[in-house]
Each structure stands twice: as C-alpha cells, then as structure tokens.
Amino acid sequence: MRGYALQRLALGAVQLALLTVLVFLLTSLLPGDAADVRNNEDATPEQVAALREQLRLDRPALERFTDWAQGVLTGDLGTSLVSGGPVLDILAESAGITLVLAAVTLVVVVPLAVLLGIVSGLREGGRLDRSVTSVTLALNAVPDFVLALLLVAGLSLQLGWLPATWVGVGAADLLGQPALLVLPVGVVAARMICLLSRQVRAGMVTVLKAEYVTQARRLGVPRRTLLLRHVLPNAAVPGIQELARVGDNLVGGVLIVEAVFAIPGVATALVRAVEARDVPTVQGLALVVAAAALLFSLAADLVCHRLVPRTEVLR
Amino acid sequence: MKRVNLPAAPVGVALLALPLGVALLGPWFAGPARPGVFAPYAGSGGPHLLGTDGLGRDVLDLLLHGGRSALGMALGAVAVAYLVGGAVGLLAASARRRWADELLIRPLDVLLPLPTLLVISVVAVGWRGSPVAIALAVAAVNVPPVARLVRAAALDAASGPVTEALRVQGESRSRIQLDHVARSVLSPVAADIGTRITLAVFLVGSANFLGLGLDPTAPDWAVSISRSREALLLQPWAVLAPAAMLVMFTVGLNLLADSLLARTRRTQEAVR
C-alpha cells in the first residue's frame, strides 16, 4: 500500500511539473504577445516596445519560465495585465464559489450514481434497468450547454421556479439561497451521473456473475452481507476508476455552467482572461484548475487502490 | 424475457442523416447569412421560416451554414487523433524492446488526466478564431486515450494464437503486423469511434459556446446557440434549431454505435 501510494504521489509530482511547462509553452508561443494586445491599434510601435520592456517580454523564454516557475513555487502567480493586481487576488475572489459548486456536485453525484448503478445492475435487463439505461443514454447525448439553456428556459423563464442567473449574487448570499445552486449543480451532475452509474452497473453485473458470489450464495451468506461486503467493494472499482476520469467532465461542466448562469467563479475569470489575452492570469488560473484536477484523480486512484490493491501505478 | 426492440440502427441512420445532410449540402441552398439584412428577431413564418436572430440574419440560412464548422472541426479532430494516436499505439505494441514501448506510451499516460476544456482555453489565448487550432487542440487531447486503446487491442491480437500460427508459417513480421494485428484492431476502434466523435462534437461546441473558438458572429451551430440565448423566449428557434441538430447528431451516432457494438459482440459470442 505504502509503495503504491508513494509511486502514485511521485507520478502526480511529475504530472504537475510537466503541466507547468506545458501551460507556459502554450501561452508563450502565442502569435503576438500581451503588449500588442493591450495597446490595440492606436499605440505607436515605440509604446508597444516600452510596454514589452516593462512587462519584460523581451527576455528569452527560458529565463521567463524559470522566473514564473519560481514565483509559482513561492505562491506568487504573477500580475494580471488587465487589473494590474496579483493573479492570486483574482483566484481568491473566485475560488470559493467554484469550490462550493464542485463540492456540492460531487456530493450529489456520487451517492446517486452508485445507487442507480446498483439498482439497475441487480436486475440486468429488468424494467428498471432498461428505463435507467435509456434515460442515461439519452441524457448523455445532450451537450451541457444545450441542457443548461433548456432547463433555464423551462424552469426559470417559463415557470419561474428557479433563478436563471447569478447576476448580483455574492459568495456570502450563496449559502442563504440554496435555490441558486439547483440548476447549475443539476446540469453538471447530469452527465457525470450518466457516466458513473453506467460503470457501477457494469461492475455489478460482472461481479454478480462471478464464481465466488455463486459460492457464497451456496454457502448461505445472507443477501445483505453478500451485497455489502462482497459484491459492492469489487463492483465499485470501475466506478471509482471512472471517477478519476470524470474530473474532466466536472471541470468542463463548471466552465459551461458558470458561463450560462453568470456565476463569478474561477471558470468565468479564466474565460474572461482568455478573451482579454491576459496571459499571466490564464497561466495562473489554468495551472490551479489543472492541479486541482490532478489532485482529484490522485485521490480517486488511492481510494481505488485501497479497495482493490494493484501494483502498477500506470495502467 | 420478452423485449420490444426499436430497430436502433435505422433510427440512428435517420437521425444522423439530417444534420449531416445539412452540414454537407446546406451551404449550397442557403442565402448569404450577413448581419443587418433583415429586421432583428422577426417571428417565424412569413418570409423567414424560422425567423431572424438578433443581428437580423435568417435563422434557417444560419442553420444551413453552421453545420460545416460544428461537425467538420470535430470530425477532423477525431481523424487526426486516430492517425496520430493509432500510429503511436501500433508502434508501441509492435516495439521489440520494452523501453521503446514505455517511451512511446508513458508520456501520453502522464497527460491523460488533463481537463480537456482547460487545454482548449489555454490554446485559445493565442489562436482564438482559428478553427484549425481548436480542432488540433481537440485532436491533441484525444491522442492519449486513442493510443492506449489501439496499443491494448494490438497487444491482445499480437499475443493470440493466430499470430503465433502466422509466425510458425514463416510470415514476415511486417506482414503479420499490417495484415493481422492492424486489422484486428479495427473492431475495438469501431466501438470507440462513436463516443469519440460525440465527445469531440461536445468539446468543439463547448469551446465555441464559451467564445473560445470561432468568431462570435460565425454561423456555427454552437456559436448561434450562445449568441441567441438571451432571446430564448423571444426567438426560440434561433437556439432550438441548432441545438436540435447537435442532439440529433449525437443521439443518432450513439444509437448506430450501440447497435454495431451489439452486433460485433453477438458474432464474437457465436464464434466462441
């Protein structure tokens, strides 16, 4: 166990290091740099050159990278070109809301997906299984952004049950108004539940057919003990492995949902920074979000190993 | 157990046909979708079958123009991903030395957990509005899973009895690799390709929806959805029509892929 955990941690560290290089490479290879953009058309070439010097964009890429990486290591993500303040401030302002959104989504998704997977996997081909499978298949074919808009049109604009945007909402109001969270969380959760419950169902179906389960049944192990102690831990493995991968859906869903509902979170800040070509902000925010995703997959892998020990770190 | 089965494959083909047809042939039948030609938000019916959008463009014309980028970028991205990922996977599987295999596949494994939309937003900082850059970014995030899938399938085939028999017969290595191994990879690839295209369509659509991809006035389906979403109740067709196209495409593709998958599974069981 400890060996695996250490290896997996080492892999995570390598991934993080590669990630920093990748983020920097992608943003520093840009055609036209930040100085060009900030000055638009009406700046003279001299002004652009002066700004470039001020932003120290004229130095070699390697030097800029080591500077930036050193800053990141000491907790300094650089300075935003748009606001002039530290990127860390932008992150601090927006991270809370995104974290609440992601955490609530996970709290909704995991038990629901496991429950759906178990009940549909218990009776493969039964009526419940077929209806759950067709609903998840259909939902899986609707893009996040379409689903979000349809729900807003139906539930908020037509029926007026739920708020359609978060405009004018601060982080402090969030816990006082849980209705705000219903639609965004629902949209992000929908696709994740589809993916996860299918994996849990597949795991249930395979394990229930295994010989050791038949044998345990023959020995008279009570049904509940059999399911909870013997079937579930093994059946959960594909689900948890999938959980390590749905981090991607979580990040993507949060990006979409924040845009649709005008939620002032990290994703909104990131998209805005991309639009303004605020390179340091994009670098900082992308790095933090990607690091969070890596951490998430690390945690899922460790849980998975605890349930069913494997020796290889990379599959 | 009695089961009423919808004929999934024909329904899938029928659902796929409309968006694909619109994407392929639409631009030839459409008028120019320039902004400011008509009054904004004209109702449906009358001269405009589906009304006009906020910029005064005919929604039907937009729809006919928008399929090429929405589906083309995704299909192109998947094609590139399979070309690169497939080559890497086959090379890794046929490598004679273990370190060569590791060298090819491990770096991809390391990049696997990167959030895809995040990669696209980083790429979009410099190359916004360039369909090729976005498609390449979508292709790049799909290379690691494809390479892994192809490698696993090829290793499976390379260690099977057929390969051994071919080797005993004295067939050349390249012949075995290309004739048998590469061909037996095709069936898992066929199973994977449907979901991969769906994901790519979603990804390209999401990027365009967020404004990370094409120009905000482009006729692309996802861009239209994003542009007209403020007027969802005023002019629902401007959002619903392109959304319906995207959903029909993915539902049709999933149905078709599932039925193909079920068929190969049935033949495999029959062979066994």
>> Could you derive backbone 3J(HN,Hα) for segment B:155-165 from the dihedral phi with the Karplus parameters 6.51, -1.76 and 1.60 (θ = phi - 60°), listing whole Hz in sequence and x where the residue is Gly or Pro?
In response: 4, 4, 5, 5, 9, x, x, 5, 4, 4, 4
>> Ratio of alpha-carbon Rg to the 2.2 N^0.38 Å globular estimate for segment B:50-181, to two decimals, please.
In response: 1.48
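Taking R0 as 30 Å, what's the FRET efficiency between B:Leu18 and B:Asp156 from their Cβ-Cβ distance, rounded to 0.05? If you can, show how the numbers build up before the last one.
On the way: r = 38 Å, r/R0 = 1.25.
In this case the efficiency is close to 0.20.
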>> Along each principal axis of its Cα atoms, how long is chain B end to end? Whole angstroms, biggest number first, please.
In response: 75, 53, 34
>> Quick check: the distance between the Cα centres of segment A:233-293 and segment B:128-194, to the nearest angstrom?
In response: 31 Å
> In peptide B:244-253, what is the residue-averaged number of other protein chain Cβ atoms found within 10 Å of each Cβ?
Replying inline: 3
>> What are the extents of the Cα atoms of the protein assembly as shown along their three principal axes, in Å, largest first?
In response: 78, 63, 58
> Relative contact order, percent, of segment A:56-168 when contacts are C-alpha pairs under 8 Å separated by at least 6 residues?
Replying inline: 8 percent
> Nearest 20 debye, what's the magnitude of the dipole of segment B:114-268 about its Cα centre given +1 on Lys and Arg Cβ and -1 on Asp and Glu Cβ?
Replying inline: 280 debye
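Is there a quick way to get the dipole size of the protein assembly as shown? I mean about its Cα centre, with the Cβ of Lys and Arg at +1 and of Asp and Glu at -1; what is the value in debye to the nearest 20? Write out the running numbers ahead of the final one.
Numbers: 48 positive and 40 negative charges, 639 e Å.
With Lys and Arg at +1 and Asp and Glu at -1, about 3060 debye.
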> Using helices alone, what [θ] at 222 nm do you get for the protein assembly as shown, with -39,500 (n - 2.57) per DSSP H run of 4 or more residues, divided over all residues and rounded to the nearest 500?
Replying inline: -24500 deg cm²/dmol
> Rounded if a/c is under 1.5, else prolate if a/b beats b/c, else oblate: with a ≥ b ≥ c from the C-alpha gyration tensor eigenvalues square-rooted, which is segment A:249-299?
Replying inline: oblate
> Per 5 Å bin, what is the whole-percent P(r) computed from every C-alpha pair distance within segment B:62-112?
Replying inline: 4, 19, 17, 16, 12, 9, 7, 7, 5, 2, 1
> Can you pull the mean other chain C-beta count within 10 Å for peptide B:203-213?
Replying inline: 5
>> Could you tell me how many cubic angstrom of Cα convex hull volume segment B:130-272 has per residue?
In response: 116 Å³
>> Below 8 Å between Cα atoms, with a sequence gap of 6+, how large is the relative contact order for chain B in percent?
In response: 27 percent
> Lys/Arg Cβ at +1, Asp/Glu Cβ at -1, dipole of the protein assembly as shown taken about the Cα centre: which of A:Ala189, A:Ala299, B:Ser174 is farthest positive-ward?
Replying inline: B:Ser174
>> Using a 7 Å offset from Cα along Cα-Cβ at A:Val107, what residues in segment A:177-197 end up with backbone N under 14 Å from the label point?
In response: A:177-182, A:185-186
> Taking θ as phi - 60°, what are the ³J(HN,Hα) couplings along segment A:188-201 by the Karplus curve (6.51, -1.76, 1.60), each to the nearest whole Hz, with x for Gly and Pro?
Replying inline: 5, 5, 3, 5, 5, 4, 4, 5, 5, 5, 5, 5, 4, 4
> Long-range amide H contacts for A:Thr79: which residues qualify at under 5 Å (H placed 1.01 Å from N, peptide plane, sequence gap of 5 or more or a different chain)?
Replying inline: A:Val87
> FRET efficiency for A:Ser28 and B:Ala79, Cβ-Cβ distance as r, R0 = 45 Å, nearest 0.05?
Replying inline: 0.95
> Please state the equivalent ellipsoid semi-axes for segment B:216-256: what are the square roots of 5 times the Cα gyration tensor eigenvalues, largest first, in whole Å?
Replying inline: 22, 12, 6
>> With unit charges on the beta carbons (Lys and Arg positive, Asp and Glu negative) and the dipole taken about the Cα centre of the protein assembly as shown, which residue among B:Leu60, B:Pro115, B:Gly252 sits farthest to the positive side?
In response: B:Gly252
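Taken together, the values in this text are just the output of simple stated rules run on the coordinates, not laboratory data. These numbers come from a predicted model, not from an experiment. Quick reminder, even Gly has a Cβ in these numbers, built from the backbone with ideal geometry, and neighbours come from all protein chains shown.
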